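A short write-up of the structure that comes next.
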Amino acid sequence: MGLEKHVLVLAFCLSVMPVVGAAEEQVKGSFSDYVATLKQLAADKGISLETINDVFPKIKRFKKAQVGKTNEPVVLATLDTYLPNAVPQSKVDTARAFYKQHQQQLITIGKHYGVQPRFIVAILGVDANFGKLGSNYSVLSVSASLAFAGEREAFYQKQFIDALKIIERDNIAFADLKSNSTGKMGLNQFNPSIYLDYAQDGDGDGKKDIWSNISDAFASIAYYLQQNGWKDSQTWGRQVKVPVNFNSNFAGLKIEKTFTEWQSLGVTRFDGSTLPKRDDMYVSMVMPDGVSGRKYLVYGNYRSLRSWKDSDYFAITVSYLSERIKFPAII
């Protein structure tokens, strides 16, 4: 093909591209059209006409909205290098000071829900920067915009409907139902669905205010863990050593054995001493970095942490921070 023909083909393609884009936009419809479909969906889901008429005129397209990631994070490191960066001494100092500041509230809530307070603080520190991430945007506008964008549309449609349910159930005004740019709300960064299922009134004032009431945020985290199997009679797990010829096929949360069974396979505490002499619980081996990396025997509470975010790196980071809060003891 000669140069002249190449130029003609390129010119044709460039002339067609805007037309195709316009056609796709026309098929998709405008944001206002999409909000109209959400209005019908809300009515179908039982949202009252009063709420619909009050809320929908206030919904605006939020172009800064970002789809939140739910999968295992991409970690360009091993736990040996990741943990010191994720939990530097400055974060440990902040966590311990934060714990001491709210110690009485944490102890009361921890006893009520059966969750050790250090884990409440560790989750808040790792996943929400101790409540400092902020919730500055309308969660309804954010979730509607994210649903309109198309990626994870069904998920964000559900968040939108559940946000409407929050307004109706808890009598929260549109302007007060705030989130960040991914649709996470409050000091503890709950999405609307999680809020509906787990938000708690931590101080007995009759409200579930995870945006400005730290007791409610603490209680909501504790209740989430409790409802996902947490037991305050146990900790999260322990780092261990394995023999050189250890079969890595034994690793994974689907495999559970007693301490005695793990001991018989050559597994020891990290200092080389024997594992606890108890067979009343079943534990699993996790090796996030493979057989050459760190190994942990983890308990039921570790699974509760994984239910919060399905990531070994997250669960181990929270657990590591919780240990730094525990030792030395905070008086």
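Every number here is computed from the coordinates shown, using simple stated rules; none is lab data. Fair warning: this is a prediction, and the values are worked out from it, not measured in the lab. So basically every Cβ, Gly included, is an ideal-geometry build from the backbone, and we count neighbours across all protein chains shown.
Quick notes on this structure:
- Which of Leu79, Leu146 has the fewest Cβ neighbours within 10 Å, and the rest in rising order: Leu79, Leu146
- Cα principal axis extents for region 102-242, largest first, Å: 48, 45, 24
- Under the combined filter of DSSP loop state and at most 11 neighbouring Cβ atoms within 10 Å, region 235-331 retains these trypsin sites (Lys or Arg not before Pro): Lys254, Lys277, Arg278.
- The chain: Rg to Rh, with Rh as the Kirkwood radius over Cα pairs: 1.09
- Coil-residue trypsin sites (Lys or Arg not before Pro) of region 87-194, DSSP, other Cβ within 10 Å capped at 12: Lys132
- For the chain, the mean residue ellipticity at 222 nm estimated from helices alone is -16000 deg cm²/dmol, where every DSSP H run of n ≥ 4 contributes -39500 (n - 2.57) and the total is divided by all residues, rounded to the nearest 500.
- Top of Tyr282, Tyr320, Tyr195 by mean-square fluctuation, Gaussian network on the chain, Cα under 10 Å: Tyr282
- Residue with peak Gaussian network fluctuation, the chain [Cα springs, cutoff 10 Å], from Pro192, Pro117, Pro84: Pro84
- Kirkwood Rh in Å, taken over region 237-298 so that all alpha-carbon pairs contribute: 11.4
- Net lengthening on full extension, Ile330/Asp289 (0.36 nm per residue, minus Cα-Cα): 11.5 nm
- At full extension, Lys100 and Ala154 could sit 15.3 nm farther apart than now, given 0.36 nm per residue minus the alpha carbon distance.
- Cα gyration tensor shape of region 133-175, rounded if a/c is under 1.5, else prolate or oblate by comparing a/b with b/c: oblate
- Projected label points at Lys207 and Thr268, each 7 Å from Cα along the beta carbon direction, are separated by 5.7 nanometres.
- The simple spin-label model puts a point 7 Å past each Cα toward its Cβ; for Ser32 and Asp310 those points are separated by 4.0 nm.
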